[in-house]
Amino acid sequence: MYDDLDSLARDSSAIVVGSVRDQREETSAGFSSTISTVEVTNSPANPSLGSNLDSGAVPVAVGEVIQVRQDGPEPSVLHPGQEYLLYLTPSMLSGEESTHFFITGAVAGAYVRNGDQFTRVAVDSGDRLPDTITIAGTEG
């Protein structure tokens, strides 16, 4: 459970703002995954980013297209056509999937654009994070 955005950043390798361009379902070894293709429009900084990870922060550039995985039978919290602020961790998978990311804290690190702010997608996750975040330079 996360108490603040800095603790979320410490467990994240990247923070991005981006739009979901596409989404697909994959099943491997009996596990179902939703993979969202996200085009990065901003990469906000946080001095705590990656400090709890062996790999540290992973730079993600504006314009880069990344893959964000959500495993399990629950429906994805990301939806095509929506813009999100995402705190991400590396997938630690092998092969091509090694470049994929997971949302930090399953759903804790996902905020959807709502006007000039980003609103938590899962307010009932048990985390004590702000319900809304405003990021400089991302005004809609």
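Values in this text are rule-based calculations from the coordinates and carry no lab data. If you're wondering where the values come from, they're calculated on a predicted model, not measured in any experiment. Don't worry about glycine lacking a Cβ; one is built from the backbone with ideal geometry, like all the others, and counts go over all protein chains shown.
Summary table
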quantity	calculated
Amide H contacts under 5 Å for Phe102, placed H, 5+ residues apart	Arg69, Thr89, Ser91
Derived scalar couplings ³J(HN,Hα) [the stretch 33-43; Karplus, 6.51 cos²θ - 1.76 cosθ + 1.60; whole Hz; x for Gly, Pro]	9, 9, 10, 9, 8, 10, 8, 7, 10, 7, 9
Computed E for Met1/Asp71 - FRET, C-beta separation, R0 22 angstrom, nearest 0.05	0.65
Highest-fluctuation residue, Ser98, Ser51, Ser33 considered, GNM on the chain with Cα pairs under 10 Å	Ser98
222 nm mean residue ellipticity, helices alone, for the chain (DSSP H n ≥ 4; -39,500 (n - 2.57); rounded to 500)	-1000 deg cm²/dmol
Test item: Cα-centred dipole of the chain, Lys/Arg +1 and Asp/Glu -1 on Cβ, debye	100 debye
